[in-house]
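Data block below; observations after.
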Amino acid sequence: MKLLTFNPFRTLGMPGISYIKPDHMFKRIDDIRAADILLFPENWQVNSLVYGLQKNIFPSIQSIQLGYDKIEMTRAFWSLAPDLTPYTEIRGRSKDSIEYILDTFPFPFVAKEARSSMGKGVFLIQNEKDFLSYCEKNEVLYVQEYIPIEKDLRVVFVGDSIVSAYWRIGENSFHNNVAQGGKLAFHGIPIEALQLVEKTARALGVNHAGFDLVQANGKFYFLEFNCLFGNQALNQQGIRIESIIYDYLKDQFTPVIPPTNPFKQIS
C-alpha cells in the first residue's frame, strides 16, 4: 500500500508514506499517479484528484467538501431529515431576506459564516445593529435559532466507527470550543447521540470528522462537523488517530491498476 500525504502533521508515524506539498501537486503528478491512496488533500485539490486522476483519497470527498462549507453541510443534513439541525434559514443577501429574518427570529439568534472553524465566524446576534453588521460582510446569510446551552458534544468518527466522544463545557461564554477555552469532560455520553452520529456519517459517506451536537427539546441536533478536527482531547485519552486511519485504510484498500494518462503521447 503506497501512501502519499499532503499534510504530514496528520499522518505522523504511518509506515511507507511520502509527502508532497499541495502547491507542488502538478509538478509531482507522476508520483501522485503512482500512489495507491492520497491522504489529506486540500479542498481545491479534490476534484482533480478524484475526477481527473481517479485516485483514492482519505478523508472521503464527502468529508472534505461538505466539511468545507457550512451551507452545503446543512443542506446535506436536511436531505436526510429536516430536524437534524436547529431551525435554520439560508438566504441570499437582499432587503427582503433581511426583513424576513428580522421578522422571523427573536433576539438573540446565531449567524454564521459559511467557511470557518474553531468557533470563529459564529456570532450571537443580540440586536438589529449586530445583524446588519453581519449582513454587510456576508453575501449569503446563514441564520440559526439560538439554543441556550452550557455544553455541547463532540463525537469523533474515523473510518467506519466512533473513536471518541466528549463534552465541551464553556465558562460563561457563547463558544464551547476547546480553542476558545472550553473544558473537556469524557463521562456521561448519551448512547442516542452516538447512534445518531454513526447513522448520519455512514449515510453521508463521511469517514473523518468531529461532529458537534447540542441537546435540547429532548433530542440532539447537529451544529456542524469539522473534517480537520483538533486532536487535543484525543491526545489526553491516549488515542493515536494515525494508527486508526492506517488500519482502516488497510482494511478498505483493494489494489487496482493505476489509470494511465490518456493524453500522454506514445513514443
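The numbers here are math on the coordinates, done by the rules we state, and not lab data. None of the values given here were measured: they were computed from a predicted structure. Reconstructed Cβ throughout: ideal geometry from the backbone, glycine too, with neighbour counts over all protein chains shown.
Listed values, structure above:
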quantity	calculated
Relative exposure of F9, F253, F225, F40, judged by other C-beta atoms within 10 Å (fewest first)	F9, F253, F40, F225
Members of K21/K55; K55/K250; K199/K219; K151/K219; K70/K129 lying beyond 21 Å, as alpha-carbon distances in this model show	K70/K129
Tensor-based shape of the stretch 80-150 (alpha-carbon gyration tensor, a/c under 1.5 rounded, otherwise prolate or oblate)	rounded
The stretch 149-250 shape via C-alpha gyration tensor axes, a/c threshold 1.5	oblate
The stretch 187-217 residues near the modelled Q252 label - backbone nitrogen below 17 Å, point 7 Å along Cα→Cβ	198-211
Computed lengthening from M1 to K21, 0.36 nm per intervening residue step minus Cα-Cα distance	5.2 nm
Segment Y100-Q237, extension gain: residue separation times 0.36 nm, minus the distance between their alpha carbons	44.7 nm
V156, V50 arranged by Cβ crowding within 10 Å, fewest neighbours leading	V50, V156
Whichever aspartates and glutamates have a C-alpha closer than 16 Å to that of K2, once near sequence neighbours (fewer than 8 apart) are set aside	D30, D31, D36, E242, D247, D251
Axial C-alpha extent at least 15 Å, average Kyte-Doolittle at least -0.5 - helices from the chain (DSSP)	70-80, 191-204, 241-252
Label selected from [x] 52, 42, 40; [y] 68, 45, 30; [z] 57, 32, 32, the criterion being Cα extents along the principal axes in Å as computed here	[y]
Cβ-based exposure ranking for H208, H24, H187, in which fewest neighbours within 10 Å come first	H187, H24, H208
About the Cα centre, charge dipole magnitude for the stretch 149-250 (Lys/Arg +1, Asp/Glu -1 at Cβ), debye	60
Whole-Hz ³J(HN,Hα) from phi, Karplus 6.51 cos²θ - 1.76 cosθ + 1.60, for the stretch 46-56, glycine and proline x	4, 4, 5, 5, 7, 8, x, 9, 6, 9, 6
Part-to-part distance (alpha-carbon centres) for the stretch 152-171 and the stretch 74-114, which is given in Å	25
